[in-house]
Structure formats: C-alpha cells, structure tokens
Amino acid sequence: PAPALATRPDDPSTAKLERIDRMDRWGGIASITGLQLRETSAQLGEWDLAATLLRVSLQNGAVRFAVPPTAYLGIV
C-alpha cells in the first residue's frame with residue numbers, strides 16, 4: 001500500500017541511514033502517492049526533498065514495515 005516506508009531501528013548499527021523520527025531510520029525503500037509527491041515538492045524551499053517526503057509520509061499515516069538487520073532490500 002502507499003504510502004509505506006521500510007524502516008530500521010535507530011541504533012548505532014544504522015547510524016548511516018536517514019533518521020526519520022526518534023525511533024526509526026529509513027530502510028531504503030518507500031512507496032508514496034503521486035499526489036503526495038506533487039504536494040510536498042510544491043512546498044519546498046530550502047528543504048531536502050527525500051527527507052521531507054519521508055517525514056510527511058509518516059505524518060500522514062504511512063505504514064511502517066520494520067526490516068530485520070540481516071535483510072537485504074532491493075527492487076526485483
């Protein structure tokens with residue numbers, strides 16, 4: 001479903017990943033709607049589009065899919 005984000009727990013092993021809130025970091029894959037992309041990009045000023053999209057997705061109720069530390073994420 002969209003919006004949805006793959007997440008990893010915020011801990012020392014995931015420090016290189018984008019932090020999306022106080023509990024999680026982005027797992028590398030997200031599914032958002034075209035409307036969400038258009039609305040967010042229309043609001044941009046000096047912000048980072050990718051990080052803003054992740055946070056806006058969460059604020060709008062995106063589903064979180066926790067990814068185990070041993071998992072490999074990729075689009076097949």
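The values are calculated or read from the model by the stated rules, or taken from the named source; none is laboratory data. Just so it is clear, the model here is predicted, and its values are computed rather than measured. Because the Cβ atoms are built from the backbone with ideal geometry, glycine has one as well, and the counts that use them run over all protein chains shown. Heads up: the accessible areas ignore ligands, DNA and RNA and are worked out on the full protein's heavy atoms, side chains in. Shrake-Rupley method; radii C 1.70, N 1.55, O 1.52, S 1.80 Å.
Give the angle, between 0 and 90 degrees and rounded to the nearest 10, that separates the Cα long axis of helix 49-59 from the longest principal axis of the Cα atoms of the chain.
Between the helix axis and the principal axis of the chain, the angle is about 80 degrees.
Using only the Cα atoms, work out Rg/Rh for the chain, with Rh taken as the Kirkwood radius, to two decimals. Mind dumping the intermediate values first?
Details: Rg = 12.5 Å, Rh = 12.9 Å.
In the chain, Rg relative to Rh is 0.97.
Whole-Hz Karplus ³J(HN,Hα) for segment 2-16, in order, using 6.51 cos²θ - 1.76 cosθ + 1.60 and θ = phi - 60°, x for Gly and Pro?
Residue by residue, segment 2-16 yields 10, x, 8, 10, 7, 10, 10, x, 7, 8, x, 6, 10, 4, 7 Hz.
I'd like the carbon and sulfur percentage of the solvent accessible area for the chain, probe radius 1.4 Å, heavy atoms only, ligands and nucleic acids excluded.
Values: 3020 of 5220 Å².
Carbon and sulfur: 58 percent of the exposed surface of the chain.
Working from Cα positions, state the angle (0 to 90°, nearest 10) between the long axis of helix 34-43 and the longest principal axis of the chain.
70
Where does each of 24, 10, 48 land when they are ordered by accessible area, with a 1.4 Å probe and the largest first?
Details: 24 20, 10 50, 48 90 Å².
Largest accessible area first, the residues go 48, 10, 24.
What is the spin-label model distance, in nm, from residue 2 to residue 31 if the labels are put 7 Å beyond Cα along the C-beta direction?
It works out to 1.0 nm between the two label points.
With the other protein chains left in place, how much accessible area per residue, in square angstrom, belongs to the chain at a 1.4 angstrom probe? Provide the component values of the computation, followed by the final result.
On the way: 5220 Å² over 76 residues.
Accessible surface, normalised per residue, equals 69 Å².
Give the residue from 3, 37, 20 lying farthest towards the positive end of the charge dipole for the chain; charges sit on Cβ (+1 for Lys and Arg, -1 for Asp and Glu) and the dipole is referred to the Cα centre.
About the Cα centre, the residue reaching furthest to the positive side is 3.
Work out the length of the dipole vector of the chain about its Cα centre, built from +1 on the beta-carbon of each Lys and Arg and -1 on the beta-carbon of each Asp and Glu, and round it to the nearest 20 debye. Don't jump to the answer; show the numbers that get you there.
Numbers: 8 positive and 8 negative charges, 29 e Å.
The dipole magnitude comes to about 140 debye.
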